[in-house]
1. So residue 163 clears everything in (1) outside any strand (DSSP E or B); (2) touching a strand residue (DSSP E or B) at 6+ places or on another chain (Cβ under 8 Å) except one condition, right? Which one?
2. Using the structure shown, decide if residue 136 is surrounded by fewer than 16 Cβ atoms within 10 Å (Cβ to Cβ), modelled with pLDDT of 85 or more and closer than 28 Å to residue 99 by Cα.
3. Looking only at the stretch 215-230, decide whether some residue is in contact with a strand residue (DSSP E or B) (Cβ under 7 Å, 6 or more places away or on another chain), surrounded by fewer than 18 Cβ atoms within 10 Å (Cβ to Cβ) and either on the phi > 0 side of the Ramachandran plot or in contact (Cβ under 8 Å) with a residue 12 or more places away in the chain (or both).
4. Considering only residues of the stretch 178-203 that are over 17 Å from residue 136 (Cα atoms) and in contact with a strand residue (DSSP E or B) (Cβ under 8 Å, 6 or more places away or on another chain), which is surrounded by the most Cβ atoms within 10 Å (Cβ to Cβ)?
5. Quick one: is residue 84 crowded, with 19+ Cβ neighbours inside 10 Å and more than 14 Å from residue 215 (Cα to Cα)?
6. Consider residue 125 against the criteria (1) touching a residue at least 60 places away in the same chain (Cβ under 8 Å); (2) within 30 Å of residue 65 (Cβ to Cβ); (3) surrounded by fewer than 16 Cβ atoms within 10 Å (Cβ to Cβ): it satisfies all of them except one. Which criterion is unmet?
7. Do you know which residues across the stretch 111-125 are in a helix (DSSP H, G or I) and closer than 14 Å to residue 210 by Cβ?
């Protein structure tokens, strides 16, 4: 009887956590696979991204819950140049990046990539040409290699180079499994800084035309932050970055500063912006 009871109790104890995981997974599955009735036709672009010259905002306005964020703004960003987004908290920096990256569609005016309307570009093709670095990064319960490549077959040397440039080398190569080191669910065994370095390495390992970076170095110490920012500025792509940190000798390498204030946008050459900021202070 005791042996039979043990045979029933222990499987039940193992089953309950699995049941909770199943419930959580089902909710995620439902969100991914559910089809919303109010999907607009313009969200189903089919054209391939062509980006060889510039991105333009033409008389763009955007509101969020009856609050005007951007009002009739015009902006032209050139390919392979590096732009720093500045503005007070809530001014619209993240909003601008979401507009440029097909996250928000309900805006007035036009956003074009080489004269092609952004709304007509296939989301799948667009995402193949861009990389995102955000403070909150999702990690899989899998090897570091799969977390970096997102299950794509990428050149090993390129992955290793990205690991070094993102400041993850000591963390990985001191471990016996190296790139095959298995992370816990959503990276619970990583610090905030290490998680952010994974997000940076994901972007570095991907050949893209545009990198959107939102406070990519905020969780890193100043020395590593300057190193990573310098690496991002050296990439052969267009960089649009939000950063509140100033790294002497590095921040000056941006080509321009996009300042958002009171719903308006002003583009400054990097040297003009910081000289003006110094005069104000």
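1. Going through (1) outside any strand (DSSP E or B); (2) touching a strand residue (DSSP E or B) at 6+ places or on another chain (Cβ under 8 Å) one by one, residue 163 breaks only (2).
2. Spelling it out, it is not the case that residue 136 is surrounded by fewer than 16 Cβ atoms within 10 Å (Cβ to Cβ), modelled with pLDDT of 85 or more and closer than 28 Å to residue 99 by Cα.
3. The answer is yes; a qualifying residue exists.
4. Among those that are over 17 Å from residue 136 (Cα atoms) and in contact with a strand residue (DSSP E or B) (Cβ under 8 Å, 6 or more places away or on another chain), it is 179.
5. no
6. Answer for residue 125: the failing condition is (2).
7. Once the filter is applied, which keeps residues that are in a helix (DSSP H, G or I) and closer than 14 Å to residue 210 by Cβ, the stretch 111-125 yields 118, 125.
This table checks each residue for (1) in contact with a helix residue (DSSP H, G or I) (Cβ under 9 Å, 6 or more places away or on another chain); (2) modelled with pLDDT under 95; (3) at positive phi.
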residue: 52; (1), (2), (3): no, yes, no
residue: 74; (1), (2), (3): no, no, no
residue: 85; (1), (2), (3): yes, no, no
residue: 93; (1), (2), (3): no, yes, no
residue: 101; (1), (2), (3): yes, yes, no
residue: 110; (1), (2), (3): yes, no, no
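The values are calculated or read from the model by the stated rules, or taken from the named source; none is laboratory data. If you're wondering where the values come from, they're calculated on a predicted model, not measured in any experiment. Ideal geometry is used to build each Cβ from the backbone, glycine not excepted, and the neighbour counts take in all protein chains shown.
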